[in-house]
Amino acid sequence: MANRLSRRQLLGIGAASLAGGVVWPNEGHPTSQSSAGRYKPAAQPKSQGGRPYWQKTYSGGPLDVTPLPPGLPGEHYRPVVVPNGAALPFRVVDGVKVFHVIAEEVDHAFDSGLRAHCWGYNGRVNSTVIEAVEGERIRIYVTNRLSVPTSTHWHGIYLPNGMDGVGGLTQPYIKAGETAKYEWTLRQYGSFMFHSHHDEMTQMGMGLIGMFIVHPRNPSPEYRVDRDFSLMVSEWSVKAGTARPNTVEPSDFNVLTINGKVFPSTAPLVCKTGDRVRLRLGNLGATDHHPMHIHGHHFRITATDGEYIPLSAQWPETTALVAVGQTRNIELITDAPGDWAFHCHMTHHVMNQMGHEFPNMVGMKPGDLNEKIRPLLPAYMTHGQTGMDMGKMAEVMPYPRNTISMKGATGPFGDYISMGGLFTIVKVRDRVASYDEDPGWYQHPPGTVALKASDAELARDGINVNEPSTGGRQSAPDAPTKTPAAEPQMDPHKRR
């Protein structure tokens, strides 16, 4: 090629580079500095979004600040809602807000059909919340009622190093029967978490995790919302027929939870039409990230790991990825009445106790296999050849004790909701008698439900359900159609 460089030319270029540098103009040919302008480095940003590029502190600033008076619920903040859980009570002693956290074994129900011997805080699993206010002094006593040592780490929170809760590094273990005291002044606000930081694989895998919510001292009007939910997502391995989580499992988790529950035991998120809603999502599972998706609305991602995002940098989504060890705040106005699904969009994470070692049965034709095997196993039934949607059969089929394989729930139309695990429902109503009561299934206005198409509707729109699926063929845009007489409206909740 005419513009290919010879070895001699390349050597010459190398010498020129060593002597003074080379500038490569747009044409792609090397030019010495003597015949081209001097290279100009790109300007470095001095600020972004009105903030200096380097912040003054990345750890909350000075430790020896004078604490502010304790903030009180209803007066200084609206308490968070913890579906299937609760925020810890507190008392104020000499201007310090005092909490008592108890690590203990808990006989926990993930669902009515699945219980396990877990570890938790204050009698709850994954659903214990500490709620405080920026600037106040807090004192947290942690009592260890387990038979093994533990410690408690305050995840994402600025504090003195000796209060960080890493067993063996920043503090001695909290031995069985002992109580440790943590105390510091809160110098930030946001959505945080807390968890054991000793033998984490075992202790977090057994359930020693919780959310830590810190409200701003002087909230802006935009911060105030009508519904403020705290949701902790996690994952478990509970082998069929067992009653204790398998914490050495590295990846094959079969129980996926929101605040320690699987659907259908996840409490609905009840909202009124027009409510301003905040969902605080935390993930302290072992390995899996969770893309949490809402139906019928979009939201804005407003905070990440406790740091609020400036309005100019927030972005709209319908799915927020919450990675392991992260928190995400999402906010929206629930302005569309209905029962809207809110769930992880990883399909295996919305199934209850799937048999991950189950062979691929889709499309298999069992023939008379059932009859041949039943003399040996009377309850045997081949399943999975049409997929994993077993409907109500999943609740009555024989399974090992203490399992909820493929369990879902019957929906408002009599059909089975074939979902489980990380799945719940945002129930939006024009009128709500009480936020604490499930309002039942949404009553759809006539004509707003996808129902079986009638013959008249198919004929009106020229739909022939028996025509070959050739694809790509369209009728003429001006082809005349005959409109049949309108059919009477039906109750959408009555099956045709």
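Laid out as a table, the results:
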quantity: Overall form of the stretch 93-206 per C-alpha gyration tensor (a/c, 1.5; a/b vs b/c); calculated: prolate
quantity: Entries in Lys181/Lys407; Lys272/Lys452; Lys272/Lys407; Lys175/Lys261 that, when Cα-Cα distance is taken, lie over 32 Å; calculated: Lys181/Lys407
quantity: Computed accessible area, Trp441, all protein chains, 1.4 angstrom probe, square angstrom; calculated: 90
quantity: For the stretch 166-220: rounded, prolate or oblate by the Cα gyration tensor [a/c cutoff 1.5]; calculated: prolate
quantity: Under 5 Å, built H, 5+ apart or other chain: amide partners of Thr266; calculated: none
quantity: For the stretch 224-364: rounded, prolate or oblate by the Cα gyration tensor [a/c cutoff 1.5]; calculated: prolate
quantity: Carbon/sulfur fraction of accessible area - the stretch 427-467, other protein chains in place, 1.4 Å, %; calculated: 46
quantity: Phi to ³J(HN,Hα) by Karplus 6.51 cos²θ - 1.76 cosθ + 1.60 over the stretch 178-184, Hz, x for Gly, Pro; calculated: 8, 10, 9, 10, 10, 8, 6
quantity: Heavy-atom surface of the stretch 184-272, accessible at 1.4 Å and reported per residue (Å²); calculated: 28
quantity: Carbon and sulfur %, accessible surface of the stretch 144-243 computed with the full protein complex present, 1.4 Å; calculated: 53
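The values are calculated or read from the model by the stated rules, or taken from the named source; none is laboratory data. Everything numeric here is computed off the predicted structure, so don't read it as measured data. These accessible areas exclude ligands, DNA and RNA; they are computed on the full protein's heavy atoms, side chains included. Shrake-Rupley method; radii C 1.70, N 1.55, O 1.52, S 1.80 Å.
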